[in-house]
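Reading through the structure tokens given below for one structure.
What follows draws every value from the coordinates through simple rules; no lab data is involved. These numbers come from a predicted model, not from an experiment. Neighbour counts are summed over all protein chains in view; Cβ atoms, including those assigned to glycine, are modelled from backbone coordinates with ideal geometry.
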Amino acid sequence: MPQAQRVLLVDDSGRDSLLPLALTRPIAHFRLGVDTLLDKWTRAFAGLHAAEESPVNPLPALSRSATSVPSILPHVPGHALPEWRQTPQPDDLFVLSRLLPDASLAAALQQLQPGQVLVQDGQWLGARAGVALEADALPRIADFAETVAYAEPVSVLRHLWELVEWNPACIAVDVQALTAGRQSQPLDASVTVLGAHTVFLEPGAVVVASVLDAREGPLYFGAASEVMPGCLLRGPFALGEHAVLKMGAKIYGGTSIGPGCRAGGEISQSLLMANSNKGHDGFLGHSVLGEWCNLGADTNTSNLKNDYGTVKLYNAASGQYENTGRQFCGLFMGDHSKAGINTMFNTGTVVGVCANIFGGGFPPKFLPSFSWGGAEDLSTYRPEKALETARRVMARRQQALSAEQEKTLNRIFEQTRRERFWDNP
């Protein structure tokens, strides 16, 4: 039986618990470790293809008829992100987008035949229908003729805070995969390295007069990235292409600074997806910033309660604050949101898309999309003003806000209207 020519990474209803980060992107475009889930799935399936072509094939008996790596596409059924809704085809392989990929899982998925669904503990992991499903239909276990049990451990993304928790291990796995058989660019003589884990510089990366602590994990520096003098970095750590660490930055392990970001001050086990700024002094811990965010000078996040108890975090799926069971939990901020100087974010704060937060005191622990203000007062950040700001911010990176992106942000404004309680007396 021919292998699938397309893999659709399918967002199911579990994406609602990953808002606001999922408001603007499919789960496949979430950055975790060095790169995105889509990048990781591409590597996993490419690795299967490479193994098939190898004279010694260590994988289970896979079909030998494949001649190319399948196309891998995000698929968001429904109306949440219509620009990412695909038209399914009969031979598509459906894969749950919230899965963290690995070679064993990719092999099991690739072996599925039409009419089979891969299942673990009542959760479908992947399926081949053999017929074209409706664009808004989600695979259901009961709809398939044969259930295939998968016994190996899997990681399914269910909570925002798991992005923080999984990031250190994902950095280490990604660095190993991305650097295997390759030679790092040479380190400048002014750099001090501690420990034996990998330190890898892609072409054009510049690191000078800094301390790289590789005792607990690898450090990876993307193409054309820059580490200014005086930085203290502990692995596992990843700096994306064209990203910059400002002078004297103190970065603890488990941190990923995505492409085009500017970072400084003190950061601990946090993730900046892309083109966001935390460029000044102030603390960011156990937090995730989306794209095009900016934290003003001396903005601080609490990642530990004064009583050292577990942190509650707002869940958009339930509309309730839910106990994470975690002692450390900081800020989760959607795309295009900003914080003014000296902003203080409480432990376990969620900020939506296109919010502009400023003023004294601690703002609420949930700030809906298109919020304007902070602890003293909240009003609505009108879409036309928010889009005007987005255009100016993106122009600083020589990028433009596309018509499709404008449509998405305007749609989010309408989708989140109910959350802005001040507009709903």
Between GLY115 and residues 5 or more places away or on another chain, the pairs with built amide H atoms under 5 Å apart involve ARG128, ALA129, GLY130
Expected vector for region 344-350, Karplus 3J(HN,Hα) from phi with 6.51, -1.76, 1.60 and θ = phi - 60°, integer Hz, x for Gly and Pro, equals 10, 9, 6, 4, x, 9, 10
Packing-ranked peptide list from 95-105, 409-419, highest mean Cβ count within 10 angstrom first, is 95-105, 409-419
Applied in sequence order to region 78-88, the curve 6.51 cos²θ - 1.76 cosθ + 1.60 (Karplus, θ = phi - 60°) yields integer Hz couplings, x standing for Gly and Pro, of x, 10, 5, 9, x, 5, 10, 8, 8, 9, x
Per principal axis, largest first, the Cα atoms of region 195-345 extend in Å by 46, 31, 27
Applying the span-like rule to the chain (DSSP H, Cα extent along axis at least 20 Å, Kyte-Doolittle mean at least -0.5) gives 37-53, 161-179
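Using the Cα centre as the reference, give the magnitude of the dipole from point charges on the C-beta atoms of the chain (Lys, Arg: +1; Asp, Glu: -1; all else neutral), rounded to the nearest 20 debye. List each step's numbers first, then the result.
Values: 35 positive and 42 negative charges, 138 e Å.
Roughly 660 debye, rounded to the nearest 20.
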For LYS365, the aspartates and glutamates lying under 15 Å Cα to Cα, once residues fewer than eight places off in the same chain are dropped, come out as GLU322, GLU376, ASP377, GLU419
Counting sequence-distant residues (5 or more places) and residues on other chains, those with an amide H built under 5 Å from that of ALA205 are ALA224, SER225
Most packed first (mean Cβ within 10 Å per residue), the peptides 73-85, 143-155, 162-174, 385-397 order as 162-174, 73-85, 385-397, 143-155
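In this model, which of LYS338/LYS407; LYS40/LYS246; LYS385/LYS407; LYS246/LYS385 are farther than 23 Å apart at the alpha-carbon? Each step should come with its number before you reach the end.
Details: LYS338/LYS407 20 Å; LYS40/LYS246 29 Å; LYS385/LYS407 14 Å; LYS246/LYS385 30 Å.
Listed pairs above 23 Å: LYS40/LYS246; LYS246/LYS385.
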So, relative contact order of region 330-425 in percent, Cα under 8 Å, 6 or more apart, is 19
Residue by residue through region 328-341, the couplings from Karplus 6.51 cos²θ - 1.76 cosθ + 1.60 with θ = phi - 60°, in Hz, x for Gly and Pro, are 10, 6, x, 10, 10, 10, x, 4, 6, 9, 9, 10, x, 4
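Return the loop-located chymotrypsin sites (Phe, Trp or Tyr not before Pro) in region 299-390 (DSSP other than H, G, I, E, B) with at most 15 other Cβ atoms within 10 Å of their own Cβ; answer none if there are none. List each step's numbers first, then the result.
Numbers: sites: TYR308, TYR314, TYR321, PHE328, PHE332, PHE345, PHE358, PHE366, PHE370, TRP372, TYR381; in loops: TYR308, PHE358, PHE370, TYR381.
Within region 299-390, the qualifying chymotrypsin sites (Phe, Trp or Tyr not before Pro) (loop, at most 15 other Cβ atoms within 10 Å) are TYR308.
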